[in-house]
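**Student:** Have a look at this one.
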Amino acid sequence: MEEFRFLINEEQEDERIDKYINGLIDSLSRSYIQKLITDKQVLVNEMPVKANYRLKCDDSILLRIPKAVEPDILPEDIPLDILYEDDDLLIVNKPKGMVVHPAAGHYSGTLVNALMYHCKDNLSGINGILRPGIVHRIDKDTTGSVIVCKNDLTHAAIAAQLKEHSLNRKYRAICMGRLKEDEITIHKPIGRHPTDRKKMAVNLKGKDAVTHIKALQYFEKYTYIECTLETGRTHQIRVHLASIGHPLLGDEVYGNAKQPFVLEGQTLHAMTLGILHPRTNEYLEVNAPLPAYFEHLLEILN
């Protein structure tokens with residue numbers, strides 16, 4: 001159990017306690033901080049509070065962070081396409097159909113199962129046991145680059161870059177229809193769908209989201225595009241493109257399921273991933289090659 005103590009001054013007064021701690025320790029997600037508050041691991045003047053507690057000048061905060069629990073996830077000898085690896089991190093080219101971390105209905109065959117076999121004990125444990133080593137994720141049917149953190153120093157550094165939107169993330173995709181402009185910026189907030197909780201949607205009460213779209217090649221009924229993420233909301237590219245009438249080809253959730261190709265989900269590939277290395281502070285960029293199905297689809301369209 002690690003303990004941290006903070007004393008509130010006038011400038012910090014009236015801020016929510018969960019937001020305050022999240023700003024101090026980037027490596028802890030706000031949801032995890034709220035869980036710690038619910039579990040009475042955050043005390044103000046030696047008393048438990050709620051996550052929406054507003055700080056007062058001279059408040060004394062005690063934050064207790066339990067040690068990461070050994071995850072109840074079985075290591076599995078699953079081949080990994082490793083694009084880069086060193087003592088602090090690795091970047092994996094995730095194939096189509098692989099879930100990033102175990103969840104209901106997917107307790108084996110995930111990226112985390114494979115990582116626990118490959119990395120043994122060298123995975124970060126920040127945020128408890130939910131996603132060992134994982135600081136960001138991509139959808140099951142999206143292919144491409146995923147960062148894996150081997151220690152908490154790396155996890156905290158990459159989480160901070162995600163929060164600051166300083167990661168360089170470029171995706172390749174094919175959308176329905178021909179874009180009217182070669183370059184488009186979509187700036188629309190994204191939140192939970194008002195009636196379908198499994199989906200995301202453009203939502204005025206949602207979080208700020210910005211996607212830059214560049215047309216690479218036009219076809220009769222489709223456009224091959226590059227998408228650069230300025231923010232990283234859940235299903236951001238898929239929701240944004242659907243919102244302008246150009247859903248991703250193969251996207252059965254946000255688009256039209258009827259299309260002439262045999263596809264397993266959306267045509268979306270996380271190609272370029274650029275970060276500041278947490279130990280050297282030097283820029284590191286990795287490119288994941290387009291998967292075979294994507295290359296073949298482009299050949300058909302040409």
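The values are calculated or read from the model by the stated rules, or taken from the named source; none is laboratory data. All figures in this text were calculated on a predicted structure; none of them were measured in a lab. Glycine also receives a Cβ, built like all others from the backbone with ideal geometry; neighbour counts cover every protein chain displayed. The area values use the complete protein model at the heavy-atom level, side chains included, leaving out ligands, DNA and RNA. Shrake-Rupley method; radii C 1.70, N 1.55, O 1.52, S 1.80 Å.
**Student:** How much accessible area per residue does the chain have, in Å², with a 1.4 Å probe?
**Tutor:** Using a 1.4 Å probe on heavy atoms only, each residue of the chain averages 52 Å².
**Student:** For the Cα atoms of the chain, what angle does the longest principal axis make with the long axis of helix 292-301, in degrees from 0 to 90, nearest 10?
**Tutor:** 40
**Student:** While we're here: Which entry in (i) 61, 44, 37; (ii) 67, 44, 39; (iii) 65, 51, 33 is this structure's computed Cα extents along the principal axes in Å?
**Tutor:** So the calculated entry is the one marked (ii).
**Student:** Please list, by residue number, every one of the trypsin sites (Lys or Arg not before Pro) in region 15-90 that is coil in DSSP and has at most 16 other beta-carbon atoms within 10 Å.
**Tutor:** Of the trypsin sites (Lys or Arg not before Pro), the ones in loops of region 15-90 whose Cβ has at most 16 other Cβ atoms within 10 Å are Lys40, Lys50, Lys56, Lys67.
**Student:** Right, next: Counting only protein heavy atoms and using a 1.4 Å probe, what share of the accessible area of the chain belongs to carbon plus sulfur, as a whole percent?
**Tutor:** 49
**Student:** Testing the spin-label approximation: label points 7 Å from Cα along Cα→Cβ at Asp87 and Glu226. State their distance in nm.
**Tutor:** 3.5
**Student:** On a C-alpha basis, how far is the centre of region 10-31 from the centre of region 143-214 in Å? Whole number, if you could?
**Tutor:** One Cα centre to the other: 23 Å.
**Student:** Can you return the lysines within cross-link range of Lys56? Criterion is Cα-Cα under 20 Å, with same-chain partners fewer than 8 residues away left out.
**Tutor:** Correct list for Lys56: Lys19, Lys40.
**Student:** Can I ask one more? Can you give the net charge of the other residues whose Cβ lies under 12 Å from the Cβ of Arg5, counting K and R as +1 and D and E as -1?
**Tutor:** Charge balance in the 12 Å sphere: -3.
**Student:** Return the loop-located GluC sites (Glu not before Pro) in region 143-236 (DSSP other than H, G, I, E, B) with at most 10 other Cβ atoms within 10 Å of their own Cβ; answer none if there are none.
**Tutor:** Glu181, Glu220
**Student:** Note the angle between two axes, namely the Cα long axis of helix 152-164 and the longest principal axis of the Cα atoms of the chain, as a number of degrees from 0 to 90, rounded to the nearest 10.
**Tutor:** Its long axis makes an angle of about 70 degrees.
**Student:** Would you list which lysines come within 21 Å of Lys150, measuring only between C-alpha atoms, while excluding same-chain residues fewer than 8 positions from it?
**Tutor:** Counting by Cα, and skipping residues close in sequence, Lys150 has these lysines nearby: Lys67, Lys94, Lys120, Lys163.
**Student:** Sticking with this structure for a sec: Filter the trypsin sites (Lys or Arg not before Pro) in region 133-237 down to the DSSP loop ones having no more than 14 other Cβ atoms within 10 Å, then list what survives.
**Tutor:** Here the trypsin sites (Lys or Arg not before Pro) that fit, given the DSSP loop and packing criteria, are Arg178, Lys180, Arg197, Lys198, Lys205, Lys221.
**Student:** Give me the lysines in straight-line cross-link reach of Lys180: C-alpha distance below 28 Å, same-chain residues under 8 apart excluded.
**Tutor:** Partners within reach: Lys170, Lys188, Lys199, Lys207, Lys214, Lys221, Lys258.
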